[in-house]
Amino acid sequence: MIDRLLLEVVGSVLLLLYGIRLTGHGFGLAFSSWIDRAWSSARESRARAFLLGTAATAVLQSSGALVTLLISFGHATTLSLSQSLIVVLGADLGATVTVQLLSFRIYQAALPVLSIGIALYLWGGKPRGEAVGQGLLGFGFVLLALKFLAGAAGDVGRIEGLRILMSELSNAPFTAFATGALLAAVLQSGTAVMVLLIAFTQEGLLGATAVLPLVLGANAGGTSVAFVAASGLAAEGRRIAWGHFGMKAAGALALLVAITLSPPNYHRAFGDGPHLVAYAHTLFNLFIAVLFFPLAGRIASLLERSFPGRRAAAPRGKAAFIDREHLPVAGAALGQAAREIMRMADMIQEMLDDSVEVICRGNADRIGRIGQIDDDVDELTREIKFFLAALAQTSLDEAQTRRSMAYIGIVTDLENIGDFVDRTMTDHLRPLSARKQSFSEEGGKELEGYLTEVGALYRNAVSCFITGDPGEAQSVVERRRVIGIRERELRTAHIQRLQKARPDTLETSAAHMDVLAAWKGIAAHCSSIARSVIAMGE
């Protein structure tokens, strides 16, 4: 009997874990565009960040899933660390919605939910309908697993040894706490442990004195999924993972000590039965939200000092953030691609800064470095495009498809900007330097002013990509027209100097005109980047 019972429990737990993953993936696909838009509003206030975490976790059915996405998303870089921690607090509270729902005996609805989910998944027509069907199918599996676990719990109650073992947890709160933490870490899901506890409390196998430490332990152990997501990533991801663990563990240990020091009959205030787990789970996460919400800024400062940022260990021309293991999770994969694009944009910024040194100050030593950076940009471009091409073969909704296509366009624009800079240095500035020639004083000042304008436009184009702000993107498009007019004015001024047959103008004319043309092309690509940002938001 014990062998059959073990197989039944293990099989039910595996079905439960699969159901949770399937639900999160399905609803994540269905509502990803809403979640993407919500990141932008989360920057505006802590209250919005908290509400984002709560609502998004109610959709994804797992706070661990949202924290994983928060760590992996490129959008995480647009949130301050304190706001990210607020999102985490909201996510933990949002995860209690599912547990509250499951505390009722709704597993009788497993077959109807499964039927609706299968119908939508197979015949939903539109991608969003199929995704909602996938989410409902996963939730149906969760209900079915709960039904099996409830039946298995009844069998556990008839085995005297197991019943005694579980009753012993009532007298060992620290052991119960450690058991809950270990189970959540092994299963990589605090929600799965809550469902197990609901099944056992429904059969009367666990009372409040055992359930409360188990719930606290499961909350602390469930944060382990964040460390898996943060492994190998930059300091930002590790800060969020440690912040999540620190807040949960500190709150759980504080309440565990309070429980052990409480009067013997304290558990009567909580009652017994299937709702005990849900009440304890909700009250604990509400407690840590109230406790740490006002302290998020100080915690963020501590984490930033403990985990100082440093450059990615990958070589400049190799990807540092994208990971093909995240391809099945479209949001995380796109977020990683965004971080690589930002890294690539930083490399282009170095090239632009070096080119100003060469053109305006005659520092020819920078030309070789510009060429090397351009080679690295070309290599990184290939890696990002291959990654995005592989991502296109997975399940993407309409918004994610637009975003992926926009990323390919932006990467191409950045690569072309690098090519403009490198070609100008190689074809004109290097020979000019070898002949020890320089631009006329008037022409040099004109070029410096023009390069400064285009450089500011580039920084604004990168900024609107990071923030996803369509208003800033539209401003870049409009300013590009002004820069085009300025280029024509400078070209006319140069021709007028040529007509005066000034020697320094004649010697540097080809280089001067090429710089104007190249930086006009760079401005056009900045405008193209901004248009891609606008297209992503449509």
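Computed from the coordinates by the stated procedures, all read-outs in this text should not be read as laboratory data. If you're wondering where the values come from, they're calculated on a predicted model, not measured in any experiment. Ideal geometry is used to build each Cβ from the backbone, glycine not excepted, and the neighbour counts take in all protein chains shown.
Electrostatic tally near Arg491: other residues with Cβ closer than 15 Å to its Cβ, Lys and Arg +1, Asp and Glu -1, net -2. Here the simple spin-label model places points 7 Å from the Cα toward Cβ, and for Val186 and Ser45 these points are separated by 4.5 nm.
If you wrap the Cα atoms of segment 324-537 in a convex hull and average its projected area over all directions, you get 11.4 nm². For trypsin sites (Lys or Arg not before Pro), the sites in segment 454-538 that DSSP calls loop and that have at most 13 other Cβ atoms within 10 Å are Lys500.
Each listed q (0.12, 0.23 Å⁻¹) maps to a log10 I(q)/I(0) for segment 446-538, found by the Debye formula over equal Cα scatterers with no solvent: -0.42, -1.02.
Calculation over all alpha carbon pairs of segment 335-402 in 10 angstrom steps from 0 returns a P(r) of 18, 38, 24, 14, 6, 0 percent.
In summary, the lysines within cross-link reach of Lys500, defined as a Cα separation below 20 angstrom excluding same-chain residues under 8 places away, comprise Lys445.
A Förster radius of 56 Å, combined with the Cβ-Cβ distance separating Gln496 from Leu302, puts the computed FRET efficiency at roughly 0.35.
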